[in-house]
Amino acid sequence: MDLCMSIKGVSFLLQTGLGVLGNVLVLVAYAHIVFLEPHVLPVDVILCHLAFTDLMLLLTRCVPQTMTVFGLSNLLNDAGCKVVIYSYRIARALSVCITCMLSVFQALMLAPAGPGWDRLKIRLPGLVFPTFAVLWFINMAVCIAAPFFSIAPRNGTVPAFTLNLGFCYVDFRDSLSYVINGIAVSVRDFVFVGLMLGSSGYILLVLHRHSRKARSIQRSQGAAGMETRAAKTVITLVTLYTVFFGIDNVIWIYMLTVEQVPPVVADMRVWFSSCYASLSPFLIMTSNKKVKSRMMCATGIEKKQQSVNTQDSSDTKG
């Protein structure tokens, strides 16, 4: 393996390993929260679902990509490719949809008091799971064409208008299908990113207005402080997604202009498009007090257990 392949392999391995570990830790922390607390905040439910979606994305895209980089070939047959690519497309779509949902939800929660807004805020917690169901249904329907273009790698040259993923090919067969698919995916993503940017802009406006009187309000109302912290987490997640989304789509637009995409370009797009899924759980762990406390508690228990084991060992030797 040459230096370039080694760097690529290590990059994918670190991204995949850290991303999978981070999302699993977030899911375990939320499972503990659900087990102990009778009522879970809607924003925590959305963040938990985001971690599950990002974990699904990493398992269906980065894991086989990493294995391919390290020389493992013929990982999947045609049926396996169809399942993996379809699952990845759904996970990628849900990642942007749920991040958008999180931003819109937080913007509505921060909306000023009023008869209409108050009634909507009361109904919002009950709309979380139905919204999940709608998003899953829509994206499963939109991505249904993906399996028809997915095949296992064949010996020989890669056909034109084919995305070479290494472990699978996505063969669009002609330029029209190739461009239509690219435009449809981009338009869908831009709509949700535009919506999340709009709602995030509103959140920033509300936080700016509150900043003039935030200290006195937050001291008298703990809930206001919680909403502000949650809003800042949402803003950071949206900013993180937007940065990597921009890089991803610049590369994607270039890919739409060529008949055969160089493997290094496809690998770069995969890496940048997966960065959000790998980094977002660590942002959640550092900014969400509930998750952070579970992490610290687990670390404290582990250190205490190590101390007890050391003491027992000393007593035995004595």
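So the values come out like this:
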{"quantity": "Number of positions in the range 148-191 that are closer than 20 Å to residue 79 by Cα and surrounded by 18 or more Cβ atoms within 10 Å (Cβ to Cβ)", "calculated": "15"}
{"quantity": "Of residues in the range 119-152 being within 15 Å of residue 90 (Cβ to Cβ) and of a type in the set (S, T, N, Q), the one farthest from the chain's Cα centre (by Cα)", "calculated": "150"}
{"quantity": "Tally of residues being out of contact with any Lys or Arg (no Cβ under 9 Å at 6 or more places or on another chain) and surrounded by 14 or more Cβ atoms within 10 Å (Cβ to Cβ) across the range 98-116", "calculated": "11"}
{"quantity": "Residue within the range 23-45 that is surrounded by fewer than 16 Cβ atoms within 10 Å (Cβ to Cβ), over 25 Å from residue 229 (Cβ atoms) and touching a helix residue (DSSP H, G or I) at 6+ places or on another chain (Cβ under 9 Å) present", "calculated": "no"}
{"quantity": "Selection status of residue 133, more than 26 Å from residue 77 (Cα to Cα), loosely packed, with under 15 Cβ neighbours inside 10 Å and without any contact (Cβ under 8 Å) to a residue 60 or more places away in the chain", "calculated": "yes"}
{"quantity": "Extreme residue, nearest to residue 270 (Cα to Cα), among residues of the range 158-182 that are free of Cβ contacts under 8 Å to residues at least 24 places away in the same chain and among the hydrophobic types (A, V, I, L, M, F, W, C)", "calculated": "172"}
{"quantity": "Selection count, the range 149-198, where residues are among the hydrophobic types (A, V, I, L, M, F, W, C), over 23 Å from residue 62 (Cα atoms) and either part of a loop (DSSP other than H, G, I, E, B) or touching a strand residue (DSSP E or B) at 6+ places or on another chain (Cβ under 8 Å) (or both)", "calculated": "1"}
{"quantity": "Qualifying residue in the range 170-182 (condition: of a type in the set (A, V, I, L, M, F, W, C) and in contact with a Pro (Cβ under 6 Å, 6 or more places away or on another chain))", "calculated": "no"}
{"quantity": "Within the range 1-90, helices (runs of 4 or more DSSP H) holding 1 or more residues that are in contact (Cβ under 8 Å) with a residue 40 or more places away in the chain and within 12 Å of the chain's Cα centre (by Cα)", "calculated": "3-36, 42-57"}
{"quantity": "Subset of the range 1-32 [modelled with pLDDT under 85 and of a type in the set (A, V, I, L, M)]", "calculated": "1, 3, 5, 7"}
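Here's the yes/no breakdown for (1) hydrophobic (A, V, I, L, M, F, W, C); (2) in a helix (DSSP H, G or I); (3) crowded, with 19+ Cβ neighbours inside 10 Å:
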residue	(1), (2), (3)
242	no, yes, no
245	yes, yes, yes
250	yes, yes, no
267	no, yes, yes
274	no, yes, yes
283	yes, yes, no
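The values are calculated or read from the model by the stated rules, or taken from the named source; none is laboratory data. Note that the structure is predicted; figures quoted are calculated from it, not measured. Glycine gets a Cβ as well: all are built from the backbone with ideal geometry, and neighbour counts include every protein chain shown.
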